[in-house]
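Contents: one structure, followed by commentary.
The values are calculated or read from the model by the stated rules, or taken from the named source; none is laboratory data. The structure presented is a predicted model; accordingly, all values stated were derived computationally and were not measured. All Cβ positions, even for glycine, are placed from backbone atoms using ideal geometry, and neighbour counts span all protein chains on display.
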Number of protein chains: 2
Amino acid sequence: MLDVCLLGTGGMMPMPDRWLSAVLLRTGGHTYLIDCGEGTQISWKRSGWGFTQTTGIILTHRHADHTAGLPGILYTIAHSMRTDPVSIYGPFGTEPLVDALRYIVPRLPYEVNVKELFNGDCVALPGELEMRALEVSHQVPCLAYSFTLRRSREFQREVAEELDVPVEHWRALKSGQDVTFNGRTVAAEEVLGPPRPGIKVSMVTDTRPTSELPRFVHGSDLLICEGMYGTEEERERADERGHMVFPEAAEIARRGDVKKLWLTHFSPALQDPEEHLEEARRVFPETYIGVAHETLTIPFPDEPDEGDGGT
Amino acid sequence: MLDVCLLGTGGMMPMPDRWLSAVLLRTGGHTYLIDCGEGTQISWKRSGWGFTQTTGIILTHRHADHTAGLPGILYTIAHSMRTDPVSIYGPFGTEPLVDALRYIVPRLPYEVNVKELFNGDCVALPGELEMRALEVSHQVPCLAYSFTLRRSREFQREVAEELDVPVEHWRALKSGQDVTFNGRTVAAEEVLGPPRPGIKVSMVTDTRPTSELPRFVHGSDLLICEGMYGTEEERERADERGHMVFPEAAEIARRGDVKKLWLTHFSPALQDPEEHLEEARRVFPETYIGVAHETLTIPFPDEPDEGDGGT
């Protein structure tokens, strides 16, 4: 299963009643943060999720509302007693950005590895998470991300027993290796069930809609997408500034056939995003206004849901 | 009069229930911010004080809990429509620090001037505010500051009338210039009252107590001083880390003969600073635990108090 926590829903600048847009993903003992504006670490502390297991920090782009909290988060991770390396991923320009911001946190008790990603890159993250990057359309290099938690194929114990495979070989078979014993070989293929669908979460901010986005987010269990402005009437402003209005985000969700859409990254001028929800729902009914500290536990399709619900 | 607002009381890292230590000063249409850790701009917004009149940002030292909020604050000041220059003051090393942090806010609609200060420097700030810097004892170059709002001498209208000074010359006399009319000269000295005491506020963080501090803060109407740890029992830890315990801050207040002490910059481990207040009050009775958004309006001694009280 994959846990998702929305840490905030604001764009441009943090407000007293709205943290900046950022997301935590957690699976298999690894936590990933997507974007870290000013105050994200405070919202993170309020969420109750720990810092020690932070394996990666993923940046969509270099704008301050997505990056200014990086020094503080690196410092707080240090104080969580982490000593394992932390990787920072982001678009072209992430290396000098991290170098600059680390001016005030030069010494850390763990290694920081920065990796710049480009359009189409795919990274196998610890925790069986596959991250893909798509170049999107903002004022500066910017990436959308999809995260897929692969589901291993089921080990068919009864088949292994029928084939008289000794128990000490089961682990190898489970991991996909063929095994040889008593002069005969059993292929993993023989004892593993059919491929099973994984869990997919996509994060799209900041950008205009692009033609590739529906396919990129296709089938996501959850799409978290920017909606800087509420209504179609503001599309011109959104276009000028490289953002979306709610119905545009909903259209990506609809065409991408995702299960659920959380809107985020609201303009400070957008005081009550709920006012414009219906307009988006006419395009894609499963649209929700993101809420800070909303947590969703997404089980595998054949796994019982132990989550706390979310929307 | 001088308005003071404490924006937070935390040290080391921002916490969900405690903003980082920072102070706003306001006089004569100019606002000054002292220190800006992560989240300071959010607390500032919550205070209701505007950003447009921000003439200066004053940094005590380069540690992240005093500086990481700088990019966000520069950005928010830009959005407040300010076009007048903003000066940033701080100890040795402030120039490269600001250069590094401005990596994510390279373009601003106003000029940013950085001025590094050294022990004993005195700066005349717009708003008739005189700022003095004292080198203190922390792990990195660090300055304590005092701010004195000078009180102009009273213009004795009745004396000017007795001397038959035409009204059009009063303004010059008020500003301290001698005037000549009808072939005779009247000295400003003749019509101005005796010197009047000003208002003094001092800010001391982060540092061990130093021998110069009591004289430096002497006579302050308000001393805002760090108290990272509560009790004498923690003095060894405070000493190791370049901080103070409450009674040490109170001793500086007592020896400096200040009127009031606000403690700030509490360790995240110090959950209830009130618990240790009595120990500090035994040294200096006018000691108070700082409270975020506490505002004090300090009138000149001969000016009626229009403030909203504070502690």
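In a residue-by-residue description of region B:7-16, the property of being away from chain A (no Cβ under 14 Å), more than 20 Å from B:GLY90 (Cβ to Cβ), touching a residue at least 40 places away in the same chain (Cβ under 8 Å) and not in a strand (DSSP E or B) applies to at least one position.
Within region A:38-65, the set of residues being under 16 Å from the mean Cα position of the chain (by Cα) and either at the interface with chain B (Cβ under 10 Å from one of its Cβ atoms) or at pLDDT below 95 (or both) comprises A:THR40, A:TRP44. Consider region B:19-28 and keep the residues that are at pLDDT 95 or above and in a loop (DSSP other than H, G, I, E, B). The one that is farthest from the other protein chains (Cβ to nearest Cβ) is B:SER21. Within the span defined as region B:126-145, every residue fails to be free of Cβ contacts under 8 Å to residues at least 60 places away in the same chain, in the same structural domain as B:ARG241 (by TED's automatic domain parsing), among the hydroxyl-bearing types (Ser, Thr, Tyr) and surrounded by 19 or more Cβ atoms within 10 Å (Cβ to Cβ). Apart from one condition, B:GLU294 fits all of (1) crowded, with 18+ Cβ neighbours inside 10 Å; (2) modelled with pLDDT of 95 or more; the exception is (2). Count of region A:20-42 residues, restricted to those that are surrounded by 24 or more Cβ atoms within 10 Å (Cβ to Cβ) and either under 27 Å from B:LYS45 (Cα atoms) or not assigned by TED's automatic domain parsing to the domain that holds A:GLU135 (or both), is 14. When B:ILE88 is tested against (1) touching a helix residue (DSSP H, G or I) at 6+ places or on another chain (Cβ under 6 Å); (2) under 30 Å from B:LEU213 (Cα atoms); (3) surrounded by fewer than 20 Cβ atoms within 10 Å (Cβ to Cβ), only condition (3) is not met. Among the residues of region A:249-275, those identified as surrounded by fewer than 24 Cβ atoms within 10 Å (Cβ to Cβ), of a type outside the set (A, V, I, L, M) and touching a residue at least 12 places away in the same chain (Cβ under 8 Å) are A:GLU251, A:ARG254, A:ARG255, A:GLY256, A:ASP257, A:LYS259, A:LYS260, A:SER267, A:PRO268, A:PRO273, A:GLU274, A:GLU275. Considering region A:206-311, there are no qualifying helices (runs of 4 or more DSSP H) wholly inside with 3 or more residues that are at positive phi and among the acidic types (Asp, Glu).
Taken over region A:57-75, the criterion of being of a type outside the set (A, V, I, L, M, F, W, C) and in a loop (DSSP other than H, G, I, E, B) is satisfied by A:THR60, A:HIS61, A:ARG62, A:HIS63, A:GLY69. Annotation: A:PRO194 fulfils all but one of (1) in contact with a helix residue (DSSP H, G or I) (Cβ under 9 Å, 6 or more places away or on another chain); (2) not in a helix (DSSP H, G or I); the unmet one is (1). Is it fair to say A:ASP3 is within 13 Å of another protein chain (Cβ to nearest Cβ), touching a residue at least 12 places away in the same chain (Cβ under 8 Å) and acidic (Asp, Glu)? No; evaluated as a whole, the condition is false for this residue. Every test in (1) buried (at least 18 other Cβ atoms within 10 Å of the Cβ); (2) of a type in the set (Ser, Thr, Tyr); (3) outside the structural domain of B:GLY11 (by TED's automatic domain parsing) is passed by B:THR185 save one, and that test is (1).
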